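Beneath this line is the structure, given in C-alpha cells, with notes to follow.
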Amino acid sequence: MESESESGAAADTPPLETLSFHGDEEIIEVVELDPGPPDPDDLAQEMEDVDFEEEEEEEGNEEGWVLEPQEGVVGSMEGPDDSEVTFALHSASVFCVSLDPKTNTLAVTGGEDDKAFVWRLSDGELLFECAGHKDSVTCAGFSHDSTLVATGDMSGLLKVWQVDTKEEVWSFEAGDLEWMEWHPRAPVLLAGTADGNTWMWKVPNGDCKTFQGPNCPATCGRVLPDGKRAVVGYEDGTIRIWDLKQGSPIHVLKGTEGHQGPLTCVATNQDGSLILTGSVDCQAKLVSATTGKVVGVFRPETVASQPSLGEGEESESNSVESLGFCSVMPLAAVGYLDGTLAVYDLATQTLRHQCQHQSGIVQLLWEAGTAVVYTCSLDGIVRLWDARTGRLLTDYRGHTAEILDFALSKDASLVVTTSGDHKAKVFCVQRPDR
C-alpha cells in the first residue's frame with residue numbers, strides 16, 4: 001500500500017518510565033511438575049443446572065453432550081475426567097473455541113470435520129450449526145456485543161451468522177486463512193491470509209479494506225485496545241503496526257528489529273501501550289506501540305543453549321507458542337513448545353519463574369484481575385499457575401488427546417477446551433485461594 005515508515009530498536013533500551021511497577025523480591029525458581037494423579041480435592045464439582053438423566057449417560061444425546069468418558073476414543077491419556085460437560089458433535093479434531101463476551105453462556109467451536117457449532121455451556125445443548133464450510137474450521141469468534149458469530153476455514157471462506165435468528169448474514173472468500181479477529185468495539189471483522197494481506201470488513205454490509213504486507217503469510221494479528229490500530233506479524237519475521245483508518249503502516253520492524261523466523265503470536269497489554277510478539281526463533285519481543293521501538297527481548301535460559309535458527313533440526317524443536325500480559329502486576333508470560341512456561345518481570349526485564357510442563361504448551365491465558373496464568377498443553381491437561389511464586393495451583397484432566405485451544409470465562413469460573421479427541425469440554429474452576 002503506501003510507503004512504509006520503518007522503526008528500529010535502540011541499542012540501549014530506555015527504561016519503561018510510563019509503567020507503574022510493584023516492587024517484589026521473588027527469586028527465580030524452577031517448578032517441576034508432579035506427573036502423578038490430581039488430588040481429589042482439585043476435581044471440579046458438578047454444575048447445579050445440569051440435569052443428569054441416566055438414559056443420556058451412555059453415549060450422549062442429540063444435543064451432543066455426554067457425561068462419561070467415551071469408549072470410542074482411544075488414546076494414551078485415559079484417566080479421570082474432571083469436566084462438567086462434554087460437547088461431542090464434532091467427528092474430528094476440534095481446533096478452536098470462543099465464548100460470547102457479553103454473557104459467557106455460549107461457545108462456538110470449529111474443527112477438522114469442516115463444521116462449526118454454537119452451543120450452550122451449561123448443558124452442551126446445540127443452538128445451531130454454522131454450515132457450509134469446505135475445509136477445516138480453524139477460526140471462530142463472537143462479535144464484541146455477542147450478536148454475531150464468525151467462522152473461518154483454512155481455504156479462506158468466512159461466514160457470519162446472527163446469533164438470535166441463527167441466520168447467515170454475510171460470507172466472503174479470501175485467500176488461505178491464517179487468523180481472524182473481531183474489532184473490540186464495532187461489527188468489524190479482521191483476518192490475515194497466506195498472500196500477506198490483512199483484510200477488514202464491516203459486517204454485514206461488506207465494506208472492505210485491505211492492508212498489503214510483504215509477499216508472505218500474515219501469520220498472526222491483534223487489534224489494539226484503542227480500536228484504531230492493529231499489529232500484524234508475518235512469516236518473514238517482520239512486524240507491522242497498521243493505522244486502520246488510513247490503511248497505512250505506522251511502524252515496521254524488520255531485520256534485527258523483527259524476528260529471525262515466522263511470527264506465531266502477538267498480544268497487547270490492557271491500555272495498548274505495549275505489544276509482545278513471539279516467533280519460532282524462540283524470542284519474545286516487547287515493543288512500544290507508540291514509538292515502534294523494541295524495548296525488551298525475552299529468551300529463557302533453557303532455550304538459549306539451543307543452536308540458532310538454521311544450524312540444524314534442533315533449532316526447529318522449540319518456538320514461542322503463546323504469550324500475554326498480567327493485568328495487575330508488571331509480568332508477562334511466554335509459553336514454549338518444549339513445555340516451558342516463562343514468567344518475566346517487565347520492570348527489570350528478567351526471568352522470574354520457569355514452570356516446566358511434561359509436553360508442549362499450546363496456549364496460555366491470564367485470569368483477569370489476578371496473577372494466575374492458565375496453560376493448556378499437548379498432554380491434554382489444563383494447569384493453573386501462581387505467577388508470583390511459580391507454584392502450580394491445580395490442574396484439570398479429561399481429554400484423551402492433546403488440547404488444541406481453550407477459553408476462559410470472564411469471572412474465571414469456567415474453562416472450555418477443544419482437543420484432538422474430537423471433544424470440547426467445560427471445566428468448573430474451583431480455587432480455594434479465591
Practice problem: For the range 125-176, calculate the relative contact order in percent as a whole number, restricting contacts to Cα pairs under 8 Å that are 6 or more residues apart. | Solution: 26
Practice problem: Calculate what fraction, in whole %, of the accessible area of the range 239-292 sits on carbon and sulfur atoms when a 1.4 Å probe is rolled over the protein chains. | Solution: 48
Quiz item: Under 5 Å between amide H atoms, partner at least 5 residues away or on a different chain: which partners does V362 have, H built in plane at 1.01 Å?
Solution: C376, S377, L378
Quiz prompt | HN-Hα J in Hz across the range 324-329 - Karplus 6.51, -1.76, 1.60, θ = phi - 60°, x for Gly and Pro | solution = x, 9, 6, 8, 10, 9
Quiz item: Sorted by mean Cβ packing within 10 Å, highest first, what order do the peptides 394-403, 230-239 take?
Solution: 230-239, 394-403
Quiz item: Suppose R0 equals 25 Å; then what is the FRET efficiency for Q246 and S327 from their Cβ-Cβ distance, rounded to the nearest 0.05?
Solution: 0.25
Quiz item: In the range 66-185, carbon and sulfur make up what percent of the accessible area (probe 1.4 Å)?
Solution: 46
Quiz item: Ranked highest first by the average count of other Cβ atoms within 10 Å around their residues, in what order do 265-274, 337-346 fall?
Solution: 337-346, 265-274
Quiz item: Under 5 Å between amide H atoms, partner at least 5 residues away or on a different chain: which partners does D405 have, H built in plane at 1.01 Å?
Solution: T418
Exercise. Over the range 316-434, calculate the relative contact order: mean separation of alpha carbon pairs under 8 Å at least 6 apart, over the residue count, as a percent.
Key: 16
Quiz prompt | Calculated from backbone phi, Karplus (6.51, -1.76, 1.60) coupling profile of the range 135-142 in Hz, x at Gly/Pro | solution = 8, 3, 7, 10, 9, 7, x, 8
Quiz item: When only C-alpha pairs under 8 Å and at least 6 residues apart count, what is the relative contact order of the range 249-303, in percent?
Solution: 26
Quiz item: Of the cross-linked pairs K209/K293; K228/K293; K115/K166; K115/K423; K209/K245; K209/K254, which ones have a Cα-Cα span greater than 21 Å in the structure shown?
Solution: K209/K293; K209/K254
Quiz item: Suppose R0 equals 30 Å; then what is the FRET efficiency for D176 and V297 from their Cβ-Cβ distance, rounded to the nearest 0.05?
Solution: 0.45
Quiz item: Which value, in debye to the nearest 20, gives the size of the charge dipole of the range 312-434 about its Cα centre, when Lys and Arg are +1 and Asp and Glu are -1 at the Cβ?
Solution: 620
Quiz prompt | Debye, to nearest 20: dipole size of the range 81-231, +1 on Lys, Arg Cβ, -1 on Asp, Glu Cβ | solution = 740
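The values are calculated or read from the model by the stated rules, or taken from the named source; none is laboratory data. Treat the numbers as computed from the prediction; the structure is a model and nothing was measured. No Cβ is skipped: glycine too gets one built from the backbone with ideal geometry, and neighbour counts run over all protein chains shown. For accessibility, only protein heavy atoms count, side chains too; no ligands or nucleic acids. Shrake-Rupley method; radii C 1.70, N 1.55, O 1.52, S 1.80 Å.
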